[in-house]
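The values are calculated or read from the model by the stated rules, or taken from the named source; none is laboratory data. Predicted model, so just to flag it, every value in this text is computed and none were measured. Cβ: placed from backbone, ideal geometry, glycine included. Neighbour counts: every protein chain shown. Accessible surface is based on the protein model in full, side chains and every heavy atom, while ligands, DNA and RNA are left aside. Shrake-Rupley method; radii C 1.70, N 1.55, O 1.52, S 1.80 Å.
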Amino acid sequence: MTVSSVPCGPSDRTVSEASGRQACLPLEPDTGTSSGTSGPAPSGVRTSSVPAARRRTAGPQTRVPEARVPQSPVRTLADLARPDRPCVTELRLSAFAGHRRAGFELGPVTLFAGGSGCGKTSALRAYEALARLGGGAEVGEVFPDAADCVPQRARPDAQRRRGFRIGCTADGPEGPVRLDVAVQAEPELRIVGERLTAGGLVLLETALRDPSRRTVQAAWHTAGSAPVTRAPLPDDRLGTALLPLRVAGKTAGQRRVLAAAEQMVVALRSVFACDPRPGRMRAPVPLGSGLLLGGCDNLADVLWRTRAECARRHAQLVDAVRAGCAGPVTDVLAEPLGDGTVQALLDRGDGFRTALRRLGDGELRYLALALVLLTGPGVLEVDTAGEVPAAMQTLTVLADGFDRSLDPRQRRELLRLALRTAGRGHIRVVAAVSDASWAAGLDGPEPVTVVHLEP
């Protein structure tokens, strides 16, 4: 098992540092992330070693090179091994909440494990924030309480500015593409720095030059008559998501920028943050859109839709519920009550049906998570990239408290289901659990990636 030990205590370094006209939170040069292993790995579990918090070292800023991009790159075995569907393979929290200088490897199924207060929820929150920014959301919508994302002991700079830094790597047909974002939280919320890189080449870089203006100065790779193109971009949205509207794609360099930006945006979109709330799943619900909400409140409405639409997936759901719920289960269904509402039931096969309001919290959470894993963007309330075919997209499920209220049998059955669905390549799971020792030995096309966090 690769054990990731990440101290999440406060840092003695200030998060906000200014240099000349550069605004707070400058992005650091790309130095990579060290990794290693600790101890033997149990069967079915892969670990990734995350470096402990370390001091930042000064170095020259990364600039956009002037070299032209070759138009006919040589195909290698590494190119052929790249995933067809863009997906996020690393999450970086340079300075976010309780995390400092942290990098997490993400596999098809990743479990963040650790006690309360170690930073599991904040890691999932950072992932969801990047996904929403990649979808074009304004930074104010994504971080309504941005001050809480700033490391607690981060000291303000001379202009009383503080903020945080997050980033990720998306792998796909274009190879690994890195995105790093610096956000100023105080005194006013804005994106003050962004860098998109691929193959060691900086494709987009932004910086806040004039704090009195609500724009950042952007420079993206061109490799034409001019090595870069410079233009202002708004400071309340992610520049990477805006590039398709600003880059013409006339040169090889511009086309490379567009391809990398598209891969990052497609990898970040289609994220479903899920934390079922049993207390809201027991009562009948009105018939609506049939799209499952993050809290799974409208589970009965979704069952009313999915049972009729796909018999094969519904049969798989019944098999999963049978393996994780007490007593015999021959069907999972929903029935209208005549007042515009619908309630969900378990058919016991002997003439009796059990309403969901009679089930315990563990059974309800198990049923809801199984439904999430067996459906897709057409059933879940997610923001997909409409211009990209569904076959080229990957749904990522973020499940906080994945093992909450579940008994040992339920959590293992649910993880087996996650491994099977992730093995098909259309879904990835990033979940938070209090302990992951039970994940060892489970069979699947890909091993479970476990990241251990320490408070």
With θ taken as phi - 60° and the coefficients 6.51, -1.76 and 1.60, list the Karplus ³J(HN,Hα) couplings across the stretch 114-128 in order, rounded to whole Hz; mark glycine and proline as x.
x, x, 5, x, 8, x, 5, 5, 5, 5, 5, 5, 5, 4, 4
With θ taken as phi - 60° and the coefficients 6.51, -1.76 and 1.60, list the Karplus ³J(HN,Hα) couplings across the stretch 420-428 in order, rounded to whole Hz; mark glycine and proline as x.
5, 5, 5, x, 7, x, 9, 9, 10
Using a 1.4 Å probe on the protein heavy atoms only, what accessible surface does S212 show? Give it in Å² to the nearest 10.
100 Å²
Which residues' amide hydrogens lie under 5 Å from the amide hydrogen of G193, considering only partners 5 or more residues apart or on another chain, with H built in the peptide plane?
A182
Relative contact order for the stretch 145-188 using alpha-carbon pairs under 8 Å, separation at least 6, rounded to a whole percent?
39 percent
Tell me, what ³J(HN,Hα) does each residue in the stretch 129-137 have, in order and in whole Hz, if you take phi through Karplus 6.51 cos²θ - 1.76 cosθ + 1.60 with θ = phi - 60° and put x for Gly and Pro?
5, 4, 5, 5, 5, x, x, x, 5
Order 302-309, 188-195 from most to least packed using the mean count of other Cβ atoms within 10 Å.
188-195, 302-309
List every residue whose amide H lies under 5 Å from the amide H of R209, counting only residues 5 or more places away in sequence or on a different chain, with H placed 1.01 Å from N in the peptide plane.
Q217
What ranking of S94, S270, S405 comes out by heavy-atom accessible area, probe 1.4 Å, highest first?
S405, S94, S270
Within the stretch 175-303, what whole-number % of the accessible surface is contributed by carbon and sulfur, with the 1.4 Å probe and all protein chains included in the calculation?
53 percent
Using Cα centres only, tell me the gap between the stretch 124-184 and the stretch 236-293 in whole Å.
15 Å
